[in-house]
Amino acid sequence: MTSNLVKSYFRMDKLPHIWCPGCGHGIVTRAVIKAIDELELDKDKVCIVSGIGCSSRAPGYLDFNTLHTTHGRALAFATGIKHANPDLEVIVITGDGDCSAIGGNHLIHAARRNIGITAVAFNNNIYGMTGGQYSPTTPTGDKGTTAPYGNIDKGFDICKLAQAAGASYTARGTVYHAQLLTRLIKNGILNKGFSIIDAVSVCPTYYGRKNKKGDAVKMMEWLKDHAVNVAAAAKLPEEKLAGKFLIGELYHNPQPEYTEEYKKITESLRRG
Amino acid sequence: MTNRQAKLMQGNEACLEGAIAAGMRFFAGYPITPSTEIAEGASERLPLVGGKFIQMEDEIGSMAAVIGASLAGLKAMTATSGPGMSLKLENLGYASLTEIPCVIVNVQRGGPSTGLPTSPAQADIMQARWGAHGDHPAIALYPNSVSEAYSVTVTAFNLAEKYRMPVILLMDEVIGHMRERVVLPDENELQIIDRTKASVPPEEYLPYKADPDGGVPEMPAFGEGYRYHVTGLIHSENGFPTTDAEKTAILLNRLMKKIDNNLDDIIKYQEDSLDDAEIVLIAYGSTARSAKSAMDMAREQGIAVGLFRPITIWPFAEDKVKEIAGKAKKIIVPEMNLGQYRYEIERAAAGKCEVIGINRADGEIITPEDIFEKIKGVL
């Protein structure tokens, strides 16, 4: 049974999607449309912009103004759209490689400008589309097809990166904590400036298999067992947090938004 | 005619003013010599006319922002030079395939790589045609004066909007930085072309539906209720990805035919004293100014020299060059590169007449005397 939510927001004739069995990206995509639905956004005014990779195929399935751009560049295209027409609600769907490797420069500068864009990083710790190469969020020691002896790189924390660069809202959810993820995306959209939601997904096909993480269910259980809500974490001693990762709203500090600041300049010039 | 005052302007300034007159309301850029004055001017002028300027984090991002803004409904431009142009190519190809109108100014400097940042060159001629990967259509225009920097920029926007594609405006450091007396046309006298918006309701709209024989699809802006999909993957007329060989061929063929079927509309050039010319100079941009002086020097000595100046570099004025090659004894091609456009001219001349290059890629201009000496040398 297809839910009314899916019927309302998916381009039904574009399904089935290309994602592998067990992939978490469908859950993240649903969280995006659920957030849009709960906020009752006007479909005609919503633009969904993506880069390249598994995550970035999502906009093609969604019934909005949708733009599938070049690898890593979604935030730069989105910046052009938002600046040209600030009335549009611009949501970027990106992946860990797309936003923190090839698109890392655009990520930190979109955050620095605090432009009113909400980015959702479908973070599956791997380059899935090309068959399982290690990404900037592949944990150290884990394997990829280009890290056959184990990855010696250190991973990025996408939220810390964006916060340090100036994002006014950062949050992390997982595909196990689907309702929380929806709430976080909703709050990200409500934040006027740049918001990023690190949506921890699962890739059983490449990352999972290569690293003996078990099937999709096992990987979801791992998320359940290792994610600690930021509110709960505050009350826990440090040793209890070893090997765990934080989920929830990690940072929210409203700051002047880029297009509103630009508008102030235009208006002051008009007043002469 | 009070608004037709003569002004002293720089080429880069005139380019910006032409863009604004053409309706440009979005500029994204990144600082680079010798094009920076265009970005500086845009940052000052655009908010005064209700437009938007943004300095992006890099050249790739500024090209991306331009495409995004164009999709959101604004006429958009970026400006750069060699090293930046190399970075723009990724999204230039995207704009070609997705048919997003925009203008990319390349004020050429010496290369390759960081090259000679403050010296003129004309060495990005082939890049303008073939720089982006994959088969794609290309329009590149090249003014030779400050006045033309204005008018040809207007043309660049008109062609971008009419054919829904990126248009490259080539200049060189000489044209970009030179100051000349110009009389700008009254804005009311300019012919301005805007993209065609959707003529059908959203439920009937297909974003890439057009006559397969070079048709240009209609383009509503994001936010106007059409909710369509744009992708850099090969797509069918509904805008969604396809790997179907026939649909791929239809799309690429239509993109190329947008140019091939409209050569007379797109190709602009200037002919000077060609009728009796035994030696024809083919030159563009600032080098065409030296060529004109050399021609005058030769004519004074009774040597029958003519000048053909392409304003449209791409598509190439092949028929015209063939005609010249059939009549002239020799063609001389002075250019500030090691013979890029000469390859194309030799191809068109196909042995009907000798094609001789005058080439410099050392940061120095080709002087009238250099060309005049060559004319005398080949007599």
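The values are calculated or read from the model by the stated rules, or taken from the named source; none is laboratory data. Computed from a predicted structure; not experimentally measured. Ideal geometry is used to build each Cβ from the backbone, glycine not excepted, and the neighbour counts take in all protein chains shown. Ligands, DNA and RNA are excluded from the accessible area calculation, which covers all protein heavy atoms including side chains. Shrake-Rupley method; radii C 1.70, N 1.55, O 1.52, S 1.80 Å.
Per the 1.4 Å probe, what fraction of the accessible area of segment A:4-271, in percent, lies on carbon and sulfur atoms?
Numbers: 5970 of 11270 Å².
Solvent-exposed carbon and sulfur of segment A:4-271 make up 53 percent of the total.
Rounded to two decimals, what is Rg over Rh for segment B:6-189 when you use alpha-carbon atoms and the Kirkwood radius?
0.93
Leaving ligands, DNA and RNA out of it, report the carbon-plus-sulfur percent of the accessible area of segment B:6-189 at a 1.4 Å probe.
Working: 2540 of 4970 Å².
Result for segment B:6-189: 51 percent of the exposed heavy-atom area is carbon or sulfur.
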Mind ordering A:162-172, B:202-212 by average Cβ neighbours within 10 Å, highest first?
A:162-172, B:202-212
Any idea what the relative contact order of chain B is, in percent, if you count C-alpha pairs under 8 Å spaced at least 6 apart?
16 percent
For chain B, what is Rg from Cα atoms divided by 2.2 N^0.38 Å, rounded to two decimals?
1.00
Just to make sure I understand: if all protein chains stay in place, what is the order of B:MET77, B:MET256 by accessible area at 1.4 Å, largest first?
B:MET256, B:MET77
In degrees, nearest 10, the alpha-carbon axis of helix A:104-113 is tilted away from the dominant principal axis of the alpha carbons of chain A by 40 degrees
Using a 1.4 Å probe on the protein heavy atoms, what percent of the accessible area of segment B:268-378 belongs to carbon and sulfur?
44 percent
Ranking request for peptides B:309-318, A:81-90: highest mean number of other beta-carbon atoms within 10 Å first, then the rest in descending order.
A:81-90, B:309-318
Neighbour net charge for A:GLY131 - beta-carbon separation under 15 angstrom, K R +1, D E -1
+3
Within 10 Å of each Cβ in B:47-53, the average number of Cβ atoms from other chains
4
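Just the number: Rg to Rh for segment A:195-272, Cα atoms, Kirkwood Rh, two decimals. Don't jump to the answer; show the numbers that get you there.
Details: Rg = 21.2 Å, Rh = 16.4 Å.
The Rg/Rh ratio comes out at 1.29.
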After finding the eigenvalues of the alpha carbon gyration tensor for segment B:268-378, what semi-axes result from the square roots of 5 times each, listed largest first in whole Å?
18, 17, 13
With a probe of 1.4 Å, find how much accessible area chain A has per residue, and write the answer as a whole number in Å².
43 Å²
I'd like the antiparallel share, as a percent to the nearest 5, of DSSP beta bridges with both residues in segment B:268-378.
25 percent
Given a 1.4 Å probe and the protein chains all in place, what does the accessible area of A:ARG183 round to, in Å² to the nearest 10?
130 Å²
What are the principal axis extents of the Cα atoms in chain A, in Å, biggest first?
65, 47, 34
What share of the DSSP beta bridges in segment B:6-189 is antiparallel, in percent to the nearest 5?
25 percent
How large are Rg and Dmax for the protein assembly as shown when only the alpha carbon atoms are used, in Å?
27.3, 96
Rounded tilt (10° steps) of A:178-190 against the dominant C-alpha axis of chain A
20 degrees
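Counting only protein chains, not ligands or nucleic acids, how are A:HIS106, A:HIS226, A:HIS17, B:HIS133 ordered by accessible area (probe 1.4 Å), most first? Don't skip to the answer; put the middle values down first.
On the way: A:HIS106 0, A:HIS226 45, A:HIS17 80, B:HIS133 160 Å².
Largest accessible area first, the residues go B:HIS133, A:HIS17, A:HIS226, A:HIS106.
Could you please report the charge total around B:LEU16, scoring K, R as +1 and D, E as -1 over all other residues with beta-carbon less than 12 angstrom from its beta-carbon? It would help to have the intermediate numbers written out before the result.
Details: positive: B:ARG45; negative: B:GLU13, B:GLU17, B:GLU37, B:GLU40, B:GLU44.
Around B:LEU16, the surrounding residues sum to -4.
For chain A, calculate the relative contact order in percent as a whole number, restricting contacts to Cα pairs under 8 Å that are 6 or more residues apart. If you can, show how the numbers build up before the last one.
Details: 582 pairs, mean separation 49.2, N = 272.
The normalised contact order for chain A reaches 18 percent.
For chain A, give me the percentage of DSSP beta bridges that are antiparallel, rounded to the nearest 5 percent. Before the final figure, lay out the partial values.
On the way: 8 of 38 bridges.
Of all bridge pairs located within chain A, approximately 20 percent are antiparallel.
Ranked from highest to lowest mean number of other Cβ atoms within 10 Å per residue, what is the order of the peptides A:238-250, B:159-171, B:284-296? Before the final figure, lay out the partial values.
Details: A:238-250: 14.0, B:159-171: 26.1, B:284-296: 24.0.
In descending order of packing, they fall as B:159-171, B:284-296, A:238-250.
If one takes the accessible area of chain B alone plus chain A alone and subtracts that of the pair, with a 1.4 Å probe, what total in Å², rounded to the nearest 100, results?
Values: alone 15680 and 13260 Å², together 25810 Å².
Accessible area lost upon association: around 3100 Å².
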Buried by partner chains in segment A:246-272 (accessible area down by at least 30 Å² vs chain alone, 1.4 Å probe, heavy atoms, protein only) are A:TYR262, A:THR266, A:LEU269
From DSSP H assignment alone, runs of 4+ in the protein assembly as shown each adding -39500 (n - 2.57), the sum over residues rounded to the nearest 500 puts [θ] at 222 nm at -11000 deg cm²/dmol
Between B:ILE250 and B:ASP58, what is the spin-label point distance in nm, taking each point 7 Å from the Cα along the Cα→C-beta axis?
3.8 nm
What is the local net charge at A:HIS25, summed over the other residues whose Cβ is closer than 13 Å to its Cβ (Lys, Arg +1; Asp, Glu -1)?
0
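Counting only heavy atoms of protein chains, what accessible area per residue, in Å², does segment B:275-371 have with a probe of 1.4 Å? Please list the in-between numbers first.
On the way: 3780 Å² over 97 residues.
Each residue of segment B:275-371 exposes 39 Å² on average to a 1.4 Å probe.
Given A:LYS154/A:LYS235; A:LYS34/A:LYS82; A:LYS218/A:LYS240; A:LYS160/A:LYS263; B:LYS209/B:LYS322, which pairs have Cα atoms separated by over 31 Å? If you can, show how the numbers build up before the last one.
Values: A:LYS154/A:LYS235 28 Å; A:LYS34/A:LYS82 22 Å; A:LYS218/A:LYS240 22 Å; A:LYS160/A:LYS263 29 Å; B:LYS209/B:LYS322 36 Å.
As for pairs spanning more than 31 Å Cα to Cα, those are B:LYS209/B:LYS322.
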Amide N of segment B:276-320 lying under 15 Å from the label point, which is placed 7 angstrom from the Cα of B:LYS376 along Cα→Cβ:
B:294-304
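Normalised radius of gyration for segment B:5-97, please: alpha carbon Rg relative to 2.2 N^0.38 Å, two decimal places. All intermediate terms of the calculation are to be shown ahead of the outcome.
Numbers: Rg = 12.8 Å, N = 93, 2.2 N^0.38 = 12.3 Å.
Relative to the rule-of-thumb radius for its length, segment B:5-97 sits at 1.04.
Where only protein heavy atoms count, and the probe is 1.4 Å, what is the accessible area per residue for segment B:6-189 in Å²?
Details: 4970 Å² over 184 residues.
That works out to 27 Å² for each residue.
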